[in-house]
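All remarks here apply to the structure that follows.
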Amino acid sequence: MAATPSPSPGRPVEEERDGDQQQRNSRRPLFGAVMIVVPDGPAGGSPLPASSSDGLLEAALLADHAGAAACASDAERPRGKPSSFSPWRAAVAVLALVALAAAGYFCVYGSGDAAGSAWRRIMEAREEEDGGDGEERGERRSFLLPLYPKPRRGAGAAENLTAAAAPHAGNVFPTGLYYTTLSIGNPSRDYFLDVDTGSDITWIQCGTPCRSCAKGAHPSYIPAQANILPASDPLCERAQSNPNQCNYDINYADRSSSMGVYARDNMQLMSEDDERENVDIVFGCGYDQRGNILDTLENTDGVLGLGSREISLPSQLASRGIISNVFGHCMTTDPSGGGYLFLGDDYIPRWRMTWVPVRNGPADNIRRAQLHQVNHGAQQLNVQGKLTQVIFDSGSTHTYFPHEVYLNLIAAMKGTSLRFVQDDSDKTLPFCMKADFSVRSVDDVKQFFKPLSLQFEKRFFFSKTFNIQPEDYLIISDKGNICLGVLDGTKMGYDSVIIVGDIFLRGKLIAYDNDESQIGWIDSDCTDPSKQSRIPFFLSKVLRNQLS
């Protein structure tokens with residue numbers, strides 16, 4: 001760059017200032033250029049708006065026009081003191097924030113070629129929201145099922161559960177606090193099914209004839225011979241002695257069991273548009289039920305298995321392209337309230353969900369998340385560095401901790417206040433305490449206790465913690481005592497596994513993503529299921545304007 005000439009001696013100061021002013025006015029202002037590089041569209045498809053040559057030319061012309069207008073305006077008005085606010089700086093700042101937000105979205109939702117993958121997902125989502133061709137999208141949709149609270153069971157049920165043996169065949173508990181309604185058969189009939197995320201097989205009681213069945217909420221299902229699944233069907237997983245039928249035998253952790261034969265029949269599901277849709281589903285026709293499950297079958301007709309194996313209802317629907325292999329449930333905090341169950345991913349919030357990876361156990365095929373720490377307030381309950389696994393099980397009423405963690409939690413609760421003493425005469429649950437004042441509800445005592453927290457791995461600066469408030473793990477017995485809604489899992493055969501049951505799952509939307517092998521949750525009142533947009537809110541308007 002050439003040096004600026006020095007003023008000659010004797011040159012008037014006013015002339016020098018005028019010359020400098022003219023020189024500054026004659027200069028063309030410098031404008032910064034921001035280039036955003038985005039991946040091209042899919043092979044054979046149309047290029048992205050910002051990557052096409054026409055788009056770049058138009059952007060250049062607009063930038064040049066804006067610069068010329070700015071120059072003319074700058075020359076016309078007198079220069080004042082520099083302002084701390086600049087529209088150009090504000091525009092660049094906003095653009096940078098949008099770019100960072102988009103990068104974060106790509107990072108979270110993309111895989112492999114993150115930017116290209118995320119962009120394709122956004123484009124697919126836009127086509128779905130604009131009512132694109134269903135066949136090209138695979139016609140994936142979502143279904144809603146209502147959740148109803150079950151009648152309260154007696155205190156003896158909890159005692160029976162604590163005496164249960166180790167689980168067999170990879171199933172946890174078959175009955176929880178909630179059931180749903182499914183219409184099966186042609187013509188269809190309604191059946192009440194316990195919702196169980198800890199097992200795979202959906203089954204209902206059948207009169208074929210029935211060897212050991214409970215009364216049930218409805219008359220038993222009677223299959224036609226044509227409905228019986230042959231042994232050669234791909235969903236018949238084990239060897240069969242009779243080639244004309246596929247038998248099943250499922251055993252649960254509380255020593256309950258169901259035995260029967262698989263059948264294929266019509267099932268009606270309710271779509272998000274309140275329209276009934278008929279699908280053929282394979283389910284168990286149970287003619288021999290044993291154990292504690294006979295008690296709950298006085299009010300229901302069977303079990304809805306929501307595990308990850310091919311025989312589960314979500315996996316069957318996903319294998320045929322009807323839904324994404326995702327489902328979830330949302331239960332209200334009010335025990336007398338219900339909630340909803342969804343099949344498909346349309347009802348999962350796209351933001352603020354906490355996700356943790358899961359893997360299936362080598363022997364039982366049950367989803368397990370790796371846990372690093374269990375806390376009662378600031379006190380750690382598990383041994384430092386000892387990893388524990390977590391199973392979210394809607395088929396279990398209570399939550400189960402490993403023996404060591406369970407004993408540490410009881411010790412922490414005993415030290416909460418001198419106003420509580422253990423009451424072994426109360427058999428509602430294994431650990432109950434009597435207060436020196438009248439207790440009518442959890443609201444009277446929750447301030448004395450601290451929250452429980454299950455801490456999973458951290459990603460970046462975000463903590464992945466499942467929080468349980470005192471009102472969620474405390475139960476008031478008929479005697480007015482405060483009982484712990486957590487049981488000793490070692491008596492169930494789970495030495496290093498935490499089972500999270502229905503009581504802990506209330507007030508949260510829980511999503512099970514079998515496609516990505518992850519489980520997520522978010523706080524919710526669970527009263528208003530709504531279909532979620534697949535496009536981030538900050539990109540939705542831009543995409544509609546640019547791609548319309």
- Stretchable slack from L100 to Q225, in nm (0.36 nm times residue separation minus alpha-carbon distance): 38.9 nm
- Entries of K150/K414; K215/K531; K150/K427 with Cα pairs more than 26 Å apart: K150/K414; K215/K531
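Starting from the residue with the highest accessible area, list H218, H376, H403 in decreasing order, probe 1.4 Å.
H403, H218, H376
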- Accessible heavy-atom area order of D280, D426, highest first, probe of 1.4 Å: D280, D426
- Bins of 10 Å from zero: percent of alpha-carbon pairs in the range 215-340: 11, 35, 39, 14, 2
- Message: So, R0 is 22 Å and r is the distance between the beta-carbons of K414 and D443; what FRET efficiency does that work out to, to 0.05?
- Response: 0.50
- Message: Could you compute how much accessible surface K434 exposes when probed at 1.4 Å, giving the result in Å² to the nearest 10?
- Response: 110
- Query: By how many nm would the segment from V421 to Q469 grow when fully extended, if each residue of separation counts as 0.36 nm and the alpha-carbon distance is taken off?
  - Reply: 15.2 nm
- Could you tell me the accessible area of C213 in Å² (1.4 Å probe, neighbours in place), rounded to the nearest ten? 50
- For V383 and M353, compute 0.36 nm times the residue count separating them, minus their Cα-Cα distance, and round to one decimal in nm. 8.0 nm
- Message: With +1 assigned to the C-beta of every Lys and Arg and -1 to the C-beta of every Asp and Glu, and no other charges, what is the dipole magnitude of the range 403-537 about the Cα centre in debye, to the nearest 20?
- Response: 260
- Rounded to the nearest 0.05, what FRET efficiency is calculated for D334 and V92 with R0 set to 41 Å and r the Cβ-Cβ distance? 0.25
- Within the range 311-422: Cβ-based charge dipole about Cα centre, in debye rounded to nearest 20 (Lys, Arg +1; Asp, Glu -1): 240
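The values are calculated or read from the model by the stated rules, or taken from the named source; none is laboratory data. Quantities reported herein were computed from a predicted structural model and do not represent experimental measurements. So basically every Cβ, Gly included, is an ideal-geometry build from the backbone, and we count neighbours across all protein chains shown. Protein only, heavy atoms only, side chains kept; ligands, DNA and RNA dropped before computing areas. Shrake-Rupley method; radii C 1.70, N 1.55, O 1.52, S 1.80 Å.
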